[in-house]
């Protein structure tokens, strides 16, 4: 019998919590209470809360509405007389593009001339742009203003 012919006794593996495939601390960090405690479950609501911006400052953008700004000169070129100008028609004609997958709010400024009488719906205007449109016999249909509160008046309750 030679040394390479010897057979080792097979030991059974000791099944104890010596970590898994994650290495030394198994993703629990170093010493401390949280490394010694049990499982880490996180409530679903916590994940949602963590997504909201916590801090203000130069890194965090406000959650304001995106507004597309146009001048009268670009509308004059794309539209024929007595056509309706709305955010949807501006999107269809390629004057405005979608912002974050949505039709943006549109504000019209007064740069350029307008000679056609157009019908404007659902847009915001600067003061001088509004005057130029009215001078060219254009119509401005105001947006539907909804009431801020959803509660009924006391007389209807």
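Read the figures in this text as sums done on the coordinates, not as results from a lab. Keep in mind it's a predicted model, so treat the numbers as computed, not measured. Note that each Cβ is placed from the backbone with ideal geometry, even for glycine, and that neighbours are counted across all protein chains shown.
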Conditions (1) closer than 19 Å to residue 138 by Cα; (2) within 31 Å of the chain's Cα centre (by Cα); (3) surrounded by 16 or more Cβ atoms within 10 Å (Cβ to Cβ): number failed by residue 96 | (1)
Reported set for the stretch 80-93 where residues are over 20 Å from residue 142 (Cα atoms) and in contact (Cβ under 8 Å) with a residue 24 or more places away in the chain is 80
